[in-house]
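Chemist: Take this structure first; my questions come after.
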């Protein structure tokens, strides 16, 4: 998957959430109290086998989700990804 900031303005398929491996899972897995690796490991394990992981991550980036695990990445990991995408876009300009 190649992302660019321009790609973050996308319209996901309506039913991607219904196809998600986490559908019906306890939200506490995806929004743990702490963001250390042991707290987010259960969510990442579910994301690892999810058929719509990319759509989920793109949604989280496009809507600036700052908390929780989305598309297999925690909030801090998504912030780092956003910075890398911005830097890559600036270098390309």
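The values are calculated or read from the model by the stated rules, or taken from the named source; none is laboratory data. Quantities reported herein were computed from a predicted structural model and do not represent experimental measurements. For neighbour counting, all protein chains shown are included, and Cβ atoms are generated from backbone atoms with ideal geometry for every residue, glycine included.
Chemist: Could we say that residue 16 is surrounded by 13 or more Cβ atoms within 10 Å (Cβ to Cβ) and at pLDDT 95 or above here?
Modeler: no
Chemist: Spot the failing condition for residue 36; the list is (1) modelled with pLDDT of 90 or more; (2) surrounded by fewer than 15 Cβ atoms within 10 Å (Cβ to Cβ), and only one is missed.
Modeler: Condition (1) is where residue 36 drops out.
Chemist: Within region 46-67, can you find the residues that are farther than 18 Å from residue 15 by Cβ and at pLDDT below 95?
Modeler: Passing the criteria: 61, 64, 65, 66, 67.
Chemist: Okay, moving on. On the basis of being surrounded by 15 or more Cβ atoms within 10 Å (Cβ to Cβ) and over 16 Å from residue 22 (Cβ atoms), does residue 57 make the cut?
Modeler: Working: surrounded by 15 or more Cβ atoms within 10 Å (Cβ to Cβ): yes; over 16 Å from residue 22 (Cβ atoms): no.
Criteria not met by residue 57.
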